[in-house]
Amino acid sequence: MNGPFRLLLPLLIAIVVVAAIFRAAPRAPRRRLRRCVVLFAFYASAIAAEQLFGALQPPFSSAAVPLGYVAQALEVLLIINLVAIALFDLLFHLARWDYPDIVHELSVGAAYIVAAVWLMHRSGVNLSSIVATSAVVTAVIGLSLQATLGNVVGGIALQLDDSIHEGDWVELENKVQGRVRQIRWRHSVVETRDWDTLIVPNSQLLTQTIKVLGKRNGDRAPHRMWVYFNVDFRFAPGQVISIVNEALQAAPITNVAAEPKAHCILYDLAKENRESYAYYAVRYWLTDLASDDPTSSLVRERVYAALRRAQMPLALPATTVFLSQDDPEHAERKRSREHAFRLAALQNVELFAQLSEEERVKLAEAVRIAPFSAGEVVTRQGSTAHWLYVLTKGRAEVRLIGSAGEEKKVAELKAPSFFGEMALMTGAPREATVVALTDVECLRVDKDDFREILARRPEIAKDMSAILAQRRVELVAVRDNLDAEAKKRTMVTEGSRILESIRDFFGLSGDR
Ligand code: CMP
């Protein structure tokens, strides 16, 4: 075979071979192969037409020459496409170079331009005159293609600066989220979770602020998600949080990362300053960005079940109006309920065991309920004392802060207990810092009320001095790193010293 047919058979064989390899690599894009087959069909038709017209009498035979040029042009296009397939879809694929689509398309485009120039040159077109007149043409084409060129440049820039890749999950400025399927030369294809496809012009991707989801420092990372729920104010936030945390972390949830752990926070005390319930949020880290809603649903189920088990109903999603009865009987009932609670708390405290019933009732009138959440400082070392604290619920830690700011644990207090007595009884500043370890509930006894009791009941001060002395020794032992022997000696000296200072302070001199 020669003349115009010389490449027909090799190109046909090339297409068949490429098609066979494509079957073996099922993920390679079919449209490229289809383009080759179509080009080949045109090419074969052009050759056939050229032969046909060549065999006819003039003037028909003159059509054979342009048809020959067309066949040549198609031949070159076909070769370019086949070489591109061999290079990008077979060779690079085997070398596992995951090149972006745009590289393929721009290379083929550049090859087309070179081929067109070469073909024109071969067929005797005067290129220099074209170049001379092309300035105006270029300006016209440039203006009309401004938007398209912007997109092409955008596509190239996106590839070069490595900020967005195919497969990334992104959120556009209009809050639509999706996975980048392809970055093409003019636009990028983004597929949403609703099975829709967005065609985003590349220039827009460059000018918008795009959120790349689940990615940090260029690496894949789980994406943090928020799930909200409400519980009314009857339940202490610390309790709600610990119940929800335990349920979330007790067993894995599909598509929720084990680390960082899913956890609950108190998000707001009154949503939008209107709703009368506490507003909580669970934050978890999603491992598969495609299934955000189903995973949030699983998390909500976990939260719901945990709250049901703890008898904590979700708050009604409406503003609740509390109507309080202000009649004297109701107010009295409420007062006596609170009073009974405070009295019961005081009865549990050894410190006030010596008080008569009447005195305790009087004290119960004066005390105030003071809750603290875990981690809060109840008394601070060095500050002036105003209250004695009776710990009725929870645990607290006594800490000593050294001159260099280092913290040392002195003791742990568990309800029922009391603290803050040292400063009140000696008149000195707070000796230590007391921090709530859990959510705690305290009764605050005003220093004047407390002193009044001590003045009337010097024996309480006397009994307390023993506790005080022991606490003081422990404090000094921690501060000065004392061993057991030194601690015992300090106990003797400190005990009497403290008793002295208490008696001086309260003017209990006759009671030695
Ligand atoms: P105050 O000094 O008023 O404030 C800090 C409180 O920590 C202190 O009173 C005591 O009530 C308490 N405290 C100090 N040392 C100890 C200790 N060793 N054991 C228990 N409580 C202590």
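The values are calculated or read from the model by the stated rules, or taken from the named source; none is laboratory data. Remember, it's a predicted structure, so these values are computed and weren't measured experimentally. Here Cβ is always computed from backbone atoms with ideal geometry, including for glycine, and neighbour counts include all displayed protein chains. For the accessible areas, the whole protein counts, side chains as well, though only heavy atoms, and no ligand, DNA or RNA atoms are used. Shrake-Rupley method; radii C 1.70, N 1.55, O 1.52, S 1.80 Å.
Anisotropy class assigned to segment 363-512 is oblate, per the alpha carbon gyration tensor with a/c at or over the 1.5 cut-off and a/b no larger than b/c.
Note on segment 145-186: Cα Rg divided by 2.2 N^0.38 Å, N the number of residues, gives 1.23. Across the protein chains, with a 1.4 Å probe defining accessible surface, the residues VAL478, VAL16, VAL445 rank VAL16, VAL478, VAL445 from largest area downward.
Once you list every other residue whose beta carbon is under 13 Å from the beta carbon of LYS487, what net charge do they have if Lys and Arg are +1 and Asp and Glu are -1? Before the final figure, lay out each step's value.
Working: positive: ARG471, ARG472, ARG479, LYS488, ARG489; negative: GLU474, ASP480, ASP483, GLU485, GLU494.
Local net charge: 0.
Within the shell of other residues whose beta carbon sits under 14 angstrom from the beta carbon of ILE369, the net charge comes to +2, with Lys and Arg scored +1 and Asp and Glu -1. Backbone geometry of segment 173-182 corresponds, through the Karplus equation with coefficients 6.51, -1.76 and 1.60 at θ = phi - 60°, to 3J(HN,Hα) couplings of 5, 7, 6, 6, 10, x, 9, 6, 8, 8 Hz, x marking Gly and Pro. Computed in the context of the full set of protein chains, the accessible area of the chain at 1.4 Å probe radius has 58% of its extent on carbon or sulfur. Taking the longest Cα principal axis of the chain as reference, the axis of helix 146-161 is set at about 60 degrees.
Rounded to the nearest 10 degrees, the angle from helix 328-347 to the longest Cα principal axis of the chain is 80 degrees. Normalised by the number of residues in segment 204-279, the mean separation of alpha-carbon contacts (under 8 Å, six or more apart) gives a relative contact order of 28 percent.
For the chain, the longest principal axis of the C-alpha atoms and the axis of helix 357-366 are separated by about 40°. When the Cα convex hull of the chain is projected onto planes of every orientation, the mean area is 43.0 nm². Shown are GLU329, GLU376, whose ranking by accessible area with a 1.4 Å probe and every protein chain present, most to least, is GLU329, GLU376. Between ARG395 and ALA366, full extension at 0.36 nm per residue minus the direct alpha carbon distance yields a gain of 8.1 nm.
Restricting to DSSP H runs of at least four residues, report the calculated mean residue ellipticity at 222 nm for the chain, -39500 (n - 2.57) per run over all residues, nearest 500 deg cm²/dmol.
On the way: 15 runs with 250 residues, N = 512.
So the calculated ellipticity at 222 nm is -16500 deg cm²/dmol.
Contact order for the chain, expressed relative to its length and based on alpha carbon pairs under 8 Å spaced 6+ residues apart, stands at 7 percent. Within the assembled protein chains, the solvent-accessible surface assigned to PHE341 is about 90 Å², based on a 1.4 Å probe.
Surface exposure of segment 144-260, expressed per residue as accessible area with a 1.4 Å probe, stands at 58 Å².
Computed over protein heavy atoms with a 1.4 Å probe, the accessible surface of segment 354-443 works out to 46 Å² per residue.
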